[in-house]
Amino acid sequence: MKLHFIAIGGSAMHSLAVALHKKGNKITGSDDAIYEPSKSALEKVGLLPVKFGWFPERVTQDLDAVVLGMHAKKDNPELKKAEELGLKIYSYPEFLFELSKEKTRVVIGGSHGKTTITAMILHVMHYHGKEIDYMLGAPVRRIENTIKLTDENDFMLIEGDEYPASAIDLRPKFHLYQPNIALLSGIAWDHINVFPTFENYVEQFQVFISSIVKGGILVYNEEDETLKDLAENTENQIRKHPYFTPEYHVEDGETILETSEGDMPLEIFGKHNMNNLAGAKWICQHMGIDEDDFYEAMMEFEGASRRLEMIFKGDNGIIFKDFAHSPSKVKASTQAVKEQYPDKKLVACLELHTFSSLNSEFIEQYKDTLVKADEAIVFYSPEAIAQKQMQAISAEEIKTAFNKIDLEVVSETSALQAILKSKDLNNSVLLLMTSGTFGNLDLEEVKVLF
């Protein structure tokens with residue numbers, strides 16, 4: 001096929017473009033800016049645009065289709081040209097479905113945990129030499145690419161998020177995959193800029209359940225009451241398999257899973273991860289991996305990249321970096337670290353970085369999320385608020401929302417560095433939670449504090 005990618009530099013878009021190029025398709029693409037690691041990956045295979053910008057002349061009648069990235073806006077000149085020529089225009093998820101419609105599609109969704117669950121499943125499959133196609137929403141340790149496409153593999157594992165497919169198709173991505181097997185990990189309101197009410201957000205998961213092919217399978221976390229209600233009341237004719245957090249305990253800083261085959265030590269920790277593991281086990285069983293083989297593989301699973309990732313361990317303490325930013329993730333990560341290291345002081349440092357987290361109405365959702373931290377710091381950037389053209393939010397509003405009297409709130413990276421430097425970090429765990437960079441905080445300087 002001859003395909004043109006509009007906004008080829010996106011994390012998912014560039015991976016798909018490279019994968020299709022390697023399969024022998026003729027690929028071209030445009031973008032107004034491309035950053036690492038996308039830039040190097042595209043350059044390596046000769047797909048990096050010679051010049052950045054939008055060039056309608058690159059969109060020609062001989063194209064089989066155009067793939068439209070979320071970064072491209074409605075008035076994009078190349079999109080307009082494709083529409084004028086009457087070309088077939090796919091969003092990323094639409095095209096992914098086209099490539100996998102003859103396969104058994106396994107879609108992992110939910111407000112939290114989907115990257116980790118997808119990584120667990122992929123780890124187990126690789127451990128046992130079972131080849132599958134996949135699409136990951138983020139890099140996973142020991143997995144070279146975030147997407148794999150073949151003609152011969154039976155399964156296609158997809159991490160499905162609820163964010164819009166493209167500027168001209170505002171349906172959530174996971175509505176477009178039509179899974180044969182699906183998992184939902186839970187529902188916690190997020191993306192307030194897209195889903196202004198909790199009810200509107202929940203509705204997207206109801207639609208997703210309805211999109212599972214008839215006779216298909218839904219694996220769901222029954223500890224989430226909202227999700228349980230949706231699953232139990234769907235009119236879709238599907239099989240349902242609820243899961244719940246298995247029994248486990250912490251022993252000398254190690255998490256031990258209690259199984260029918262005996263106690264099993266794990267590299268990962270925290271109730272949230274144990275719940276994720278239970279869901280992944282069900283999916284792997286539906287993909288042909290029995291329980292014993294699943295547990296054997298999971299003993300070596302080290303976690304998904306940027307998810308409770310230990311970035312430093314010294315004589316005096318430990319530093320974890322976590323992608324956590326939504327309220328449910330912040331609470332789960334903080335609880336997990338405190339449970340794993342009950343005898344260490346937990347210093348939790350959170351950056352409010354996303355549109356939702358910086359919204360003065362949504363921020364109330366963070367109430368009591370840092371309650372397990374011995375000391376807590378919240379960092380936010382007034383510049384980020386201005387760039388997003390949002391109403392300013394004050395330090396006092398943040399303190400009130402979190403309901404933590406001794407919460408420290410800072411808005412400058414130098415002030416954050418100074419606070420960390422002033423703390424007694426002996427026998428401590430520092431948990432850094434962000435989807436950003438804390439204003440380019442120098443992590444090497446932080447490590448020196450231990």
Based on the alpha carbons, how large is the Rg to Rh ratio for the range 335-396 when Rh follows Kirkwood? 1.06
Residue-wise, which Karplus ³J(HN,Hα) couplings in Hz belong to the range 71-80, taking 6.51 cos²θ - 1.76 cosθ + 1.60, θ = phi - 60°, and x for glycine or proline? 5, 6, 8, 4, 8, 4, x, 6, 5, 4
First check a/c for the range 2-87, with a ≥ b ≥ c the square roots of the eigenvalues of its C-alpha gyration tensor; if it is under 1.5, answer rounded, and if not, answer prolate when a/b is larger than b/c or oblate otherwise. oblate
Computed for the range 2-87: size of charge dipole around the Cα centre, +1 on C-beta of each Lys and Arg, -1 on C-beta of each Asp and Glu, debye to nearest 20, value 240
Keeping to pairs on different chains or 8 or more places apart, tell me how many lysine pairs in the range 144-267 have Cα atoms under 22 Å apart. 6
Helix-only [θ]222 nm of the chain, DSSP H runs n ≥ 4, -39500 (n - 2.57) each, per residue, nearest 500: -9000 deg cm²/dmol
Each residue of the range 255-261 in order: what ³J(HN,Hα) in whole Hz does its phi give by Karplus 6.51 cos²θ - 1.76 cosθ + 1.60, θ = phi - 60°, with x for Gly and Pro? 8, 10, 8, 8, 10, 5, 8
For the range 1-67 and the range 163-214, what is the separation of their C-alpha centers, rounded to whole Å? 27
Just want to confirm a number: the relative contact order over the range 1-142, from Cα pairs under 8 angstrom separated by 6+ residues, in percent. 22
For the range 37-110, how many pairs of lysine residues have a Cα-Cα distance under 17 Å, where the two are 8 or more positions apart or belong to different chains? 4
How high is the relative contact order of the chain, given as a whole-number percent (alpha carbon pairs under 8 Å, six or more residues apart)? 11
Could you sort the peptides 214-227, 247-260 by per-residue average Cβ neighbour count (10 Å cutoff), highest mean leading? 214-227, 247-260
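Just so you know, all these numbers are worked out from the coordinates, no wet-lab data involved. In this text the structure is predicted, and so the values were computed from the model without any measurement. Glycine gets a Cβ as well: all are built from the backbone with ideal geometry, and neighbour counts include every protein chain shown.
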